[in-house]
Amino acid sequence: MAEFETLKFERKDNIAIVTVNRPKAMNALNSQVLDELRGAFHEIAQDEGIRAVILTGEGKAFVAGADIAEMSKLNAVEARAFAKKGHAVMNFIENIEKPVIAAVNGFALGGGCELAMACDIRIASEKAKFGQPEVGLGLIPGFGGNLRLPRLVGDGMAKYLIYSADMIDAAEAYRIGLVQKVAAPEELLEAAEKVASTIASKAPIAVSLAKNVVNNGNNMDMKSASAYEVNSFSVIFDSEDMKEGTTAFLEKRAAEWKNK
Ligand code: CO8
């Protein structure tokens with residue numbers, strides 16, 4: 001596995017665990033972290049043995065945003081390049097054909113909340129805090145927050161959070177549907193690993209196809225999305241794993257997946 005300066009990249013059986021590791025700067029996303037995240041997720045995308053991914057942060061923060069020190073010096077052309085780099089990373093994570101779980105251990109602010117939202121599922125520590133503080137800095141969200149937050153929690157709540165820059169705790173994030181589970185801080189990774197292993201025990205080809213249909217379906221009108229689901233559903237009937245899953249059920253035994 002590749003080595004990184006700002007990330008820890010580990011493997012536990014068929015689960016990859018990526019930890020943003022810049023705790024002195026609250027894991028803020030500078031260009032190097034964004035480049036390394038892209039590198040790690042490219043490696044994960046190509047590794048057939050990895051069935052699920054956990055993304056977390058070292059120390060008090062998940063990620064406390066884009067790096068304000070780096071950003072404060074940018075002109076418009078450089079800011080565009082930085083925003084494009086951030087979007088490329090978020091889009092890559094969002095569309096990688098493996099489930100990605102954010103284990104939000106602490107502050108997920110600005111670009112950090114945007115990074116968590118690019119993941120498929122968010123599990124939060126009771127200590128986690130979420131927010132889009134950009135307007136308080138004279139900025140607007142720039143790594144997809146204006147786009148993903150309304151899709152996850154609805155326009156009204158997203159606008160409230162973005163315009164007010166209010167920070168919310170894990171319980172409120174759960175209440176509004178921004179996170180799917182809350183765990184005690186010391187049990188967060190265990191909770192994320194449990195969800196990751198449950199998903200990893202299902203047919204990988206089916207999980208990745210479901211991800212593809214949910215993601216693409218979200219960006220289509222209902223009629224096109226319906227046709228897309230019908231076609232995707234039928235394609236899987238030519239997979240070995242569909243035959244294995246249904247046969248194993250009928251033979252009352254556990255399925256053995258081949259990812260084919
Ligand atoms: N960028 C750079 N450094 C940071 C960041 C950040 N986002 N957050 C924290 N740090 C640094 C602090 O400057 C401090 O450094 P030092 O020790 O050298 O003084 C160190 O991390 C520790 O932070 P604090 O002392 O502030 O720790 P606290 O526990 O008191 O507070 C907070 C923790 C609440 C997380 C606080 O640090 C904070 O409010 N951070 C900033 C949060 C924020 O505003 N994030 C949004 C940034 S903007 C953004 O993400 C836009 C995304 C789109 C970009 C588009 C590009 C064009």
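Pairs of Lys residues in segment 62-153 that lie 8 or more places apart, or on two chains, and have C-alpha atoms under 28 angstrom apart add up to 9. Close amide H partners of VAL104, meaning residues 5 or more places away or on another chain with modelled amide H under 5 Å apart, are ILE123, ALA124, SER125. About the centre of its Cα atoms, segment 85-213 shows a dipole size close to 300 debye [charges on the beta carbon of Lys, Arg (+1) and Asp, Glu (-1) only; nearest 20 debye]. Each Lys or Arg adds one and each Asp or Glu takes one away; over the other residues whose Cβ falls under 15 Å from the Cβ of ALA16, this sums to -4. Straight Cα distances below 14 angstrom link LYS24 to the aspartates and glutamates GLU5, GLU58, ASP67, with same-chain residues fewer than 8 positions distant left out. Taking other C-beta atoms within 10 angstrom as a stand-in for reagent exposure, ARG80, ARG22, ARG38 fall in the order ARG80, ARG38, ARG22, fewest first. Distance between the pseudo-spin-label points of HIS87 and SER232 (7 Å out from Cα toward the beta carbon): 2.3 nm. Largest GNM mean-square fluctuation among ALA200, ALA170, ALA248, using the chain with Cα springs under 10 Å: ALA248. Ordering ALA69, GLY49, VAL230 by the projection of their Cα atoms onto the charge dipole of the chain, which places +1 on the Cβ of Lys and Arg and -1 on the Cβ of Asp and Glu, puts VAL230 at the extreme positive end. DSSP beta bridges confined to segment 7-200 are antiparallel in about 25 percent of cases. Relative to the Cα centre, the charge distribution of segment 141-243, modelled as +1 at Lys and Arg Cβ and -1 at Asp and Glu Cβ, gives a dipole magnitude of about 300 debye.
No value in this document is a laboratory result; all are computed from the given coordinates. The structure displayed is predicted, hence computed values, not measured ones. Here Cβ is always computed from backbone atoms with ideal geometry, including for glycine, and neighbour counts include all displayed protein chains.
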